[in-house]
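Undergrad: Have a look at the structure that comes next, please.
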Amino acid sequence: MLEQLWQSIIELPGYLFDANKRVYLPYLFSAVLMAIPVYFATEQVRTGRGFFKFLFPKHVWWCQSAKLDYCLLITNRLIKAATFTPIVLTMVPVALGLSNGLEAVFGPALHLSAPQWLVITLFTLFLFLVDDLTRFLLHLMLHKIPFLWEFHKVHHSAKVLTPFTIYRSHPIESYLYACRMALTQGIVVGIGYYVFGSSLSMYDIFGANAFVFLFNIFGSNLRHSHIWLSWGDKLESWFISPAQHQVHHSDNPIHFDTNLGSALAIWDRMYGSLIKASSAGKITIGVGQYDAGHDSLTAIYLKPFKQAYRAILPKKNKGNPPLKPQ
């Protein structure tokens, strides 16, 4: 067990070189490049504030909330290695079960003959769309189901945003997202195998789904940052911009439960939860007047269990203000 935990720690620097991780160096570098026009479009230049200070203001990066995020990157990694990694749902049984189920209901697998490039393109696109949709649906559940919200509130209790805020999550939420990923991949692979057979593969860039790579290279790390980058109204009808995700973290009640999508804005548009950056106005980050009290690692890990229990038994929570800011 100790060896496994130590291995988890020494693998952390590898995040910088893994295209499937948000803090992959090219993603971080692209975020810096995309911050340059934002810097010149603000008052920062006129006031003589340098670009480095614009990127790394002390009140953001050295805030107690940000320091907790850095710790959570490590402690969550250790908890994952020690607990739910062996029991998380995996893709293979889901894919096999679905493929067998389709054969039982609709007859033998189709195994359609199609050009390899078409199969790869369809599989890559289908995987990206289903992945993005299931992210939206789980995110919606985390916001709308009271006892799940208590765990997701850990992420929203961040008082500042940095690229490391992506790792500010409770282990229960991380487990749910891991199962979601296995289900998503299993569903797509199962359907893909039934339709096209075993010749499934995807277009990837350095090992990451090509569409996911493009999403990350176009400023995904600015989503959790103080740098306001909007795509403009037209693009924001289709894709969630960094500024739109910052609106999602706003402590203003009119922004609660909005912009729940990951890459695509179409799910929010269909659900009626899309807000464009141009109509958001000035925002502040956090959970507003209902401070979650996640000011220590102990509170972050243990308080959600207590609050989730109270959410299941609402009568015992009578008279307390609803802890529902997003």
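The values are calculated or read from the model by the stated rules, or taken from the named source; none is laboratory data. Remember, it's a predicted structure, so these values are computed and weren't measured experimentally. Quick reminder, even Gly has a Cβ in these numbers, built from the backbone with ideal geometry, and neighbours come from all protein chains shown. Accessible surface is based on the protein model in full, side chains and every heavy atom, while ligands, DNA and RNA are left aside. Shrake-Rupley method; radii C 1.70, N 1.55, O 1.52, S 1.80 Å.
Undergrad: Where does the chain land at 222 nm, in deg cm²/dmol rounded to the nearest 500, when only DSSP H runs of n ≥ 4 count, each adding -39500 (n - 2.57), divided by all residues? Could you put the intermediate results ahead of the total?
TA: Values: 13 runs with 173 residues, N = 326.
After summing the helix terms and dividing by residue count, I get -17000 deg cm²/dmol.
Undergrad: Dividing the Cα convex hull volume of the chain by residue count, how many Å³ per residue is that? Show your work: numbers first, answer last.
TA: On the way: hull volume 54.0 nm³, N = 326.
Here the figure is 166 Å³ per residue.
Undergrad: Follow-up. What whole number of Å gives the distance from the Cα centroid of the stretch 109-167 to the Cα centroid of the stretch 228-273?
TA: The stretch 228-273 and the stretch 109-167 have Cα centres separated by 15 Å.
Undergrad: To continue, here is another question. For the chain, calculate the relative contact order in percent as a whole number, restricting contacts to Cα pairs under 8 Å that are 6 or more residues apart. Each step should come with its number before you reach the end.
TA: Working: 469 pairs, mean separation 75.5, N = 326.
Result for the chain is 23 percent.
Undergrad: When the label point is put 7 Å from the Cα of Ser278 along its Cα-to-beta-carbon vector, which residues of the stretch 238-259 have a backbone N closer than 13 Å?
TA: Once the point is set 7 Å along Cα→Cβ of Ser278, 238 turn out to lie under 13 Å by backbone N, inside the stretch 238-259.
Undergrad: Mind putting a number on the dipole of the stretch 89-212 about its Cα centre? Charges go on the C-beta only, +1 for Lys and Arg and -1 for Asp and Glu, and I need it in Debye to the nearest 20. Mind dumping the intermediate values first?
TA: On the way: 6 positive and 6 negative charges, 85 e Å.
Dipole size: approximately 400 debye.
Undergrad: Quick one: helix 64-82 against the long Cα principal axis of the chain, what's the angle to the nearest 10°, folded into 0 to 90?
TA: Orientation of helix 64-82: about 30 degrees from the principal axis.
Undergrad: For Val154, what accessible area in Å² do you get when you roll a 1.4 Å probe over the heavy atoms of the protein chains, rounding to the nearest 10?
TA: So the heavy atoms of Val154 present about 0 Å² to solvent.
Undergrad: For the pair Leu33/Phe239, report the inter-label distance in nm, with labels modelled 7 Å from Cα in the Cβ direction.
TA: Going from the Leu33 label point to the Phe239 one covers 1.4 nm.
Undergrad: For the stretch 234-296, run through the trypsin sites (Lys or Arg not before Pro) and keep only the ones in DSSP coil with at most 16 other Cβ atoms within 10 Å of their Cβ.
TA: Lys234, Lys282
Undergrad: Can you pull out the trypsin sites (Lys or Arg not before Pro) in the stretch 20-129 whose DSSP state is coil and whose Cβ has at most 13 other Cβ atoms within 10 Å? Before the final figure, lay out each step's value.
TA: On the way: sites: Lys21, Arg22, Arg46, Arg49, Lys53, Lys58, Lys67, Arg77, Lys80; in loops: Lys21, Arg22, Arg46, Arg49.
Here the sparse-neighbourhood loop sites are Arg46.
Undergrad: Kindly state, to the nearest 0.05, the FRET efficiency for Lys53 paired with Phe17, given R0 = 30 Å and r defined as their beta-carbon distance.
TA: Values: r = 28 Å, r/R0 = 0.93.
FRET efficiency, Lys53 to Phe17: 0.60.
Undergrad: Which of the pairs Lys144/Lys306; Lys153/Lys306; Lys21/Lys67; Lys21/Lys144; Lys159/Lys303; Lys21/Lys234 have their Cα atoms more than 22 Å apart in this structure?
TA: Beyond 22 Å: Lys21/Lys144; Lys21/Lys234.
Undergrad: On a 0 to 90 degree scale, rounded to 10, what angle separates helix 25-41 from the longest Cα axis of the chain?
TA: The angle comes out at about 40 degrees.
Undergrad: Still on this structure, I have one more. Take the solvent-accessible surface of the protein heavy atoms, probe 1.4 Å, and return the percent of it on the chain that carbon and sulfur atoms account for.
TA: Numbers: 11650 of 16810 Å².
Carbon and sulfur: 69 percent of the exposed surface of the chain.
Undergrad: Under a point spin-label approximation (7 Å from Cα along Cα-to-Cβ), what is the Phe256-Ala114 distance to one decimal in nm?
TA: 4.4 nm
Undergrad: Over the stretch 113-244, what per residue volume does the convex hull of the Cα atoms give, in whole Å³?
TA: Values: hull volume 17.7 nm³, N = 132.
Enclosed volume per residue, from the Cα hull, is 134 Å³.
Undergrad: Can you order the peptides 192-198, 213-219 by their average number of other Cβ atoms within 10 Å per residue, highest first? Kindly include the intermediate steps, with their values, before the conclusion.
TA: Values: 192-198: 18.0, 213-219: 19.7.
Taking the mean over residues of other Cβ atoms within 10 Å, the ranking is 213-219, 192-198.
Undergrad: Cα axis of helix 91-106 to longest principal axis of the chain: angle in degrees, 0 to 90, nearest 10?
TA: 50 degrees
Undergrad: So what is the accessible area of the chain per residue, in Å², with the probe set to 1.4 Å? Mind dumping the intermediate values first?
TA: On the way: 16810 Å² over 326 residues.
Accessible area per residue, the chain: 52 Å².
Undergrad: Under a Cβ-only charge scheme (Lys and Arg +1, Asp and Glu -1), can you give me the dipole magnitude of the chain about the Cα centre, in debye to the nearest 20? Can you show the working numbers first?
TA: Details: 27 positive and 18 negative charges, 232 e Å.
It works out to roughly 1120 debye.
Undergrad: With no solvent and one point per C-alpha, what does the Debye sum give as log10 I(q)/I(0) for the stretch 216-287 at q = 0.27 Å⁻¹?
TA: Evaluating at q = 0.27 Å⁻¹ gives log10 I(q)/I(0) of -1.34.
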